[in-house]
Amino acid sequence: HGGSWTGGSRTDQRFCALFPQVLKAGISVASVEYRFIQEAAADKVVPPVKGCLQDAARAVQFIRSKAGEWNIDKTHIGLSGGSAGACSSLWLAFHDDLADPKSDDPVARESTRLSCALCFVPQTSLDPLQMQAWIPNNTYGAHAFGVESMRAFIDKRAALLPWIQEFSPYALASSDDPPVLLFYDNPPNLGQPYKDPPHSGNFGAGIAERLKAVGVEHEINYNNDYAKMKYPNLFSFLQEKLKVCPVKQ
(Lines give C-alpha, C1' and ligand atoms only; values in the text may rest on other atoms or scores of the structure.)
Protein backbone atom coordinates (compact mmCIF):
# COMPACT_ATOMS: atom_id res chain seq x y z
CA HIS A 1 0.00 0.00 0.00
CA GLY A 2 0.99 3.61 -0.52
CA GLY A 3 1.14 6.49 1.92
CA SER A 4 4.71 7.86 1.68
CA TRP A 5 5.80 5.13 4.11
CA THR A 6 4.12 7.24 6.79
CA GLY A 7 0.49 6.08 6.55
CA GLY A 8 -1.96 3.87 4.73
CA SER A 9 -2.99 0.30 5.40
CA ARG A 10 -2.98 -3.18 3.90
CA THR A 11 -6.79 -2.90 3.85
CA ASP A 12 -6.64 -0.01 1.34
CA GLN A 13 -9.78 -0.49 -0.73
CA ARG A 14 -8.11 0.58 -3.97
CA PHE A 15 -6.06 -2.59 -3.87
CA CYS A 16 -8.54 -4.85 -2.14
CA ALA A 17 -10.88 -4.13 -5.06
CA LEU A 18 -8.42 -5.95 -7.32
CA PHE A 19 -8.42 -9.13 -5.28
CA PRO A 20 -11.48 -10.82 -6.85
CA GLN A 21 -10.00 -10.46 -10.33
CA VAL A 22 -6.58 -11.66 -9.21
CA LEU A 23 -8.05 -14.66 -7.41
CA LYS A 24 -10.21 -15.45 -10.42
CA ALA A 25 -7.03 -15.46 -12.50
CA GLY A 26 -5.62 -18.17 -10.23
CA ILE A 27 -3.23 -15.98 -8.26
CA SER A 28 -3.01 -16.15 -4.46
CA VAL A 29 -2.80 -12.79 -2.68
CA ALA A 30 -1.20 -11.50 0.50
CA SER A 31 -1.57 -7.83 1.48
CA VAL A 32 1.43 -6.64 3.45
CA GLU A 33 1.73 -4.28 6.40
CA TYR A 34 5.09 -2.68 7.11
CA ARG A 35 6.57 -0.30 9.64
CA PHE A 36 6.18 3.37 8.84
CA ILE A 37 9.09 5.80 8.73
CA GLN A 38 8.23 7.11 12.19
CA GLU A 39 7.99 3.59 13.62
CA ALA A 40 11.30 2.57 12.08
CA ALA A 41 12.89 5.73 13.48
CA ALA A 42 11.51 4.87 16.93
CA ASP A 43 13.10 1.44 16.52
CA LYS A 44 16.38 3.26 15.77
CA VAL A 45 16.58 1.89 12.23
CA VAL A 46 19.02 3.96 10.17
CA PRO A 47 18.00 5.19 7.69
CA PRO A 48 14.31 4.86 8.58
CA VAL A 49 13.27 3.68 5.10
CA LYS A 50 15.37 0.59 5.68
CA GLY A 51 12.75 -0.60 8.17
CA CYS A 52 9.90 -0.21 5.66
CA LEU A 53 11.75 -2.01 2.88
CA GLN A 54 13.19 -4.77 5.02
CA ASP A 55 9.70 -5.49 6.33
CA ALA A 56 8.52 -5.89 2.74
CA ALA A 57 11.42 -8.25 2.04
CA ARG A 58 10.67 -10.24 5.19
CA ALA A 59 7.04 -10.57 4.09
CA VAL A 60 8.15 -12.21 0.84
CA GLN A 61 10.38 -14.58 2.79
CA PHE A 62 7.60 -15.39 5.25
CA ILE A 63 5.18 -16.19 2.41
CA ARG A 64 7.76 -18.50 0.86
CA SER A 65 8.29 -20.20 4.21
CA LYS A 66 4.54 -20.98 4.25
CA ALA A 67 4.41 -22.26 0.65
CA GLY A 68 3.62 -25.85 1.57
CA GLU A 69 1.03 -24.95 4.19
CA TRP A 70 -0.66 -22.35 1.99
CA ASN A 71 -0.40 -24.27 -1.31
CA ILE A 72 1.70 -21.56 -2.99
CA ASP A 73 4.21 -21.95 -5.81
CA LYS A 74 7.17 -20.29 -4.11
CA THR A 75 9.13 -20.20 -7.37
CA HIS A 76 6.72 -17.66 -8.86
CA ILE A 77 6.04 -14.65 -6.65
CA GLY A 78 5.35 -11.12 -7.84
CA LEU A 79 4.77 -7.84 -6.05
CA SER A 80 2.43 -4.96 -6.70
CA GLY A 81 1.85 -1.64 -5.01
CA GLY A 82 1.06 2.02 -5.39
CA SER A 83 3.29 5.03 -4.72
CA ALA A 84 5.57 4.14 -1.77
CA GLY A 85 4.27 0.57 -2.02
CA ALA A 86 5.24 0.60 -5.69
CA CYS A 87 8.71 1.94 -4.86
CA SER A 88 9.07 -0.86 -2.30
CA SER A 89 8.00 -3.43 -4.88
CA LEU A 90 10.44 -2.06 -7.46
CA TRP A 91 13.23 -1.97 -4.90
CA LEU A 92 12.74 -5.66 -4.14
CA ALA A 93 12.48 -6.51 -7.84
CA PHE A 94 15.88 -4.95 -8.50
CA HIS A 95 17.72 -5.83 -5.28
CA ASP A 96 20.08 -8.77 -5.03
CA ASP A 97 18.73 -11.71 -3.07
CA LEU A 98 18.55 -10.92 0.65
CA ALA A 99 18.37 -14.58 1.69
CA ASP A 100 20.84 -15.70 4.35
CA PRO A 101 21.33 -19.43 3.68
CA LYS A 102 23.39 -19.85 6.88
CA SER A 103 20.79 -18.29 9.19
CA ASP A 104 19.27 -20.24 12.07
CA ASP A 105 16.00 -18.55 11.15
CA PRO A 106 14.20 -20.59 8.46
CA VAL A 107 12.36 -17.50 7.22
CA ALA A 108 15.62 -15.60 6.70
CA ARG A 109 16.91 -18.46 4.56
CA GLU A 110 14.16 -17.89 1.99
CA SER A 111 14.78 -15.92 -1.21
CA THR A 112 13.51 -12.38 -1.81
CA ARG A 113 13.79 -12.58 -5.60
CA LEU A 114 10.67 -12.03 -7.70
CA SER A 115 9.16 -13.16 -10.98
CA CYS A 116 7.69 -9.73 -11.76
CA ALA A 117 6.51 -6.43 -10.32
CA LEU A 118 3.39 -4.45 -11.23
CA CYS A 119 3.80 -0.88 -9.95
CA PHE A 120 1.43 2.09 -9.89
CA VAL A 121 3.04 5.58 -9.83
CA PRO A 122 6.32 4.37 -8.31
CA GLN A 123 9.11 6.68 -7.26
CA THR A 124 12.02 5.17 -9.18
CA SER A 125 14.82 7.11 -7.48
CA LEU A 126 15.49 8.53 -4.02
CA ASP A 127 18.47 10.60 -5.13
CA PRO A 128 17.55 14.26 -4.46
CA LEU A 129 19.57 15.66 -7.36
CA GLN A 130 18.27 13.08 -9.79
CA MET A 131 14.69 13.61 -8.67
CA GLN A 132 14.95 17.39 -9.01
CA ALA A 133 16.58 17.06 -12.44
CA TRP A 134 13.57 15.02 -13.54
CA ILE A 135 10.96 17.02 -11.58
CA PRO A 136 12.26 20.47 -10.51
CA ASN A 137 9.54 21.07 -7.91
CA ASN A 138 9.97 17.70 -6.21
CA THR A 139 10.45 17.87 -2.43
CA TYR A 140 9.76 14.19 -1.75
CA GLY A 141 12.25 11.76 -0.25
CA ALA A 142 14.11 13.48 2.57
CA HIS A 143 11.93 11.81 5.22
CA ALA A 144 13.08 8.36 4.05
CA PHE A 145 16.55 9.16 5.34
CA GLY A 146 15.50 11.01 8.49
CA VAL A 147 16.34 14.40 6.98
CA GLU A 148 14.14 17.40 7.77
CA SER A 149 13.95 19.12 4.37
CA MET A 150 14.84 18.84 0.70
CA ARG A 151 17.47 21.54 1.10
CA ALA A 152 19.13 19.57 3.89
CA PHE A 153 18.75 16.38 1.83
CA ILE A 154 20.70 17.94 -1.02
CA ASP A 155 23.31 19.40 1.35
CA LYS A 156 23.84 15.99 2.97
CA ARG A 157 23.66 14.02 -0.28
CA ALA A 158 27.37 13.16 -0.45
CA ALA A 159 27.32 11.62 3.02
CA LEU A 160 24.02 9.84 2.34
CA LEU A 161 25.00 8.56 -1.12
CA PRO A 162 25.74 4.94 -0.07
CA TRP A 163 22.24 4.71 1.42
CA ILE A 164 20.67 6.49 -1.54
CA GLN A 165 22.23 3.95 -3.88
CA GLU A 166 21.16 1.06 -1.65
CA PHE A 167 17.50 2.12 -1.55
CA SER A 168 16.94 3.67 -5.00
CA PRO A 169 15.48 1.28 -7.59
CA TYR A 170 17.28 3.22 -10.34
CA ALA A 171 20.70 2.47 -8.86
CA LEU A 172 19.95 -1.24 -8.36
CA ALA A 173 18.56 -2.21 -11.78
CA SER A 174 20.63 -4.90 -13.53
CA SER A 175 20.30 -7.43 -16.32
CA ASP A 176 19.20 -10.31 -14.05
CA ASP A 177 16.13 -8.48 -12.74
CA PRO A 178 12.55 -9.60 -13.42
CA PRO A 179 10.06 -7.93 -15.79
CA VAL A 180 8.31 -4.82 -14.49
CA LEU A 181 5.15 -3.04 -15.60
CA LEU A 182 4.84 0.58 -14.46
CA PHE A 183 1.70 2.72 -14.59
CA TYR A 184 1.41 6.51 -14.36
CA ASP A 185 -1.69 8.63 -14.89
CA ASN A 186 0.13 11.52 -16.58
CA PRO A 187 2.41 11.89 -19.62
CA PRO A 188 6.12 12.42 -18.99
CA ASN A 189 7.86 15.73 -19.54
CA LEU A 190 11.36 15.33 -18.17
CA GLY A 191 12.82 18.41 -16.56
CA GLN A 192 9.44 20.06 -16.08
CA PRO A 193 7.52 20.52 -12.80
CA TYR A 194 4.36 18.57 -12.08
CA LYS A 195 1.38 19.38 -9.86
CA ASP A 196 1.85 16.13 -7.89
CA PRO A 197 5.63 15.60 -7.94
CA PRO A 198 5.83 12.24 -6.08
CA HIS A 199 3.54 10.67 -8.70
CA SER A 200 4.91 12.33 -11.83
CA GLY A 201 5.28 10.29 -15.00
CA ASN A 202 8.80 11.72 -15.11
CA PHE A 203 9.79 9.01 -12.63
CA GLY A 204 8.93 6.51 -15.35
CA ALA A 205 10.69 8.43 -18.11
CA GLY A 206 13.70 8.90 -15.85
CA ILE A 207 14.28 5.19 -15.33
CA ALA A 208 13.22 4.05 -18.81
CA GLU A 209 16.62 4.50 -20.46
CA ARG A 210 18.33 2.82 -17.51
CA LEU A 211 16.10 -0.25 -17.82
CA LYS A 212 16.68 -0.37 -21.56
CA ALA A 213 20.44 -0.03 -21.13
CA VAL A 214 20.78 -2.86 -18.61
CA GLY A 215 18.26 -5.09 -20.38
CA VAL A 216 15.40 -5.29 -17.88
CA GLU A 217 12.14 -6.28 -19.58
CA HIS A 218 9.78 -3.42 -18.91
CA GLU A 219 6.73 -1.56 -20.09
CA ILE A 220 5.63 1.87 -18.91
CA ASN A 221 2.07 3.09 -19.34
CA TYR A 222 1.42 6.81 -19.28
CA ASN A 223 -2.05 8.34 -19.09
CA ASN A 224 -3.87 4.99 -19.50
CA ASP A 225 -2.82 4.56 -23.13
CA TYR A 226 -3.63 0.85 -23.11
CA ALA A 227 -4.01 0.50 -26.88
CA LYS A 228 -0.25 0.73 -27.39
CA MET A 229 0.66 -1.72 -24.62
CA LYS A 230 1.86 -5.29 -24.93
CA TYR A 231 -0.15 -6.03 -21.78
CA PRO A 232 -3.30 -3.88 -21.96
CA ASN A 233 -4.77 -6.20 -19.32
CA LEU A 234 -2.57 -6.06 -16.25
CA PHE A 235 -3.79 -9.50 -15.17
CA SER A 236 -2.43 -11.01 -18.38
CA PHE A 237 1.00 -9.68 -17.38
CA LEU A 238 0.74 -11.33 -13.97
CA GLN A 239 -0.56 -14.60 -15.39
CA GLU A 240 2.22 -14.84 -17.95
CA LYS A 241 5.08 -13.91 -15.63
CA LEU A 242 3.79 -16.01 -12.73
CA LYS A 243 3.10 -18.93 -15.09
CA VAL A 244 -0.43 -19.29 -13.81
CA CYS A 245 -2.56 -22.19 -15.04
CA PRO A 246 -6.06 -21.10 -16.11
CA VAL A 247 -8.67 -21.52 -13.41
CA LYS A 248 -11.45 -23.93 -14.26
CA GLN A 249 -14.82 -22.23 -13.97
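The values are calculated or read from the model by the stated rules, or taken from the named source; none is laboratory data. Owing to the predicted nature of the structure, the values given are computational and were not obtained by experimental measurement. Counting neighbours? That spans all protein chains shown, and the Cβs are built from the backbone with ideal geometry, glycine included. Only protein heavy atoms, including side chains, enter the accessible area calculation; ligands, DNA and RNA are left aside. Shrake-Rupley method; radii C 1.70, N 1.55, O 1.52, S 1.80 Å.
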- Would you check which residues across segment 194-216 are outside any helix (DSSP H, G or I) and closer than 11 Å to N138 by Cα and list them? Y194, K195, D196, S200
- Query: Somewhere in segment 54-62, is a residue acidic (D, E) and closer than 23 Å to Y170 by Cβ?
  - Reply: yes
- Taking segment 144-166 on its own, how many of its residues are of a type outside the set (A, V, I, L, M), open to solvent by less than 50 Å² (accessible area, probe 1.4 Å), out of contact with any Gly (no Cβ under 8 Å at 6 or more places or on another chain) and under 23 Å from G204 (Cα atoms)? 1
- Message: Anything in segment 58-87 that is within 11 Å of the chain's Cα centre (by Cα), among the hydrophobic types (A, V, I, L, M, F, W, C) and open to solvent by 20 Å² or more (accessible area, probe 1.4 Å)? List them, or say none.
- Response: L79
- Note on the structure: Subset of segment 116-139, residues open to solvent by 10 Å² or more (accessible area, probe 1.4 Å) and farther than 16 Å from Q192 by Cβ, comes to F120, V121, D127, L129
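Being among the acidic types (D, E) and out of contact with any Ser or Thr (no Cβ under 8 Å at 6 or more places or on another chain) is the filter; apply it to segment 114-172 and report the residue that is nearest to L242 (Cα to Cα).
Looking at the filtered set, the residue picked out is E166.
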- Query: Restricting segment 194-240 to residues that are among the basic types (K, R) and at pLDDT 95 or above, which is least open to solvent (accessible area, probe 1.4 Å)?
  - Reply: R210
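Would a scan of segment 111-127 turn up a residue that is closer than 30 Å to S149 by Cβ and part of a helix (DSSP H, G or I)?
No, the conditions are met nowhere in segment 111-127.
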- Query: Residues in segment 8-45 that are exposed (fewer than 13 other Cβ atoms within 10 Å of the Cβ), assigned to a loop (DSSP other than H, G, I, E, B) and either modelled with pLDDT of 90 or more or of a type in the set (D, E, K, R) (or both): how many?
  - Reply: 3
- Message: Checking the structure you have, find out if any residue of segment 172-193 is open to solvent by 70 Å² or more (accessible area, probe 1.4 Å), among the hydroxyl-bearing types (S, T, Y) and either free of Cβ contacts under 8 Å to residues at least 24 places away in the same chain or part of a helix (DSSP H, G or I) (or both).
- Response: no
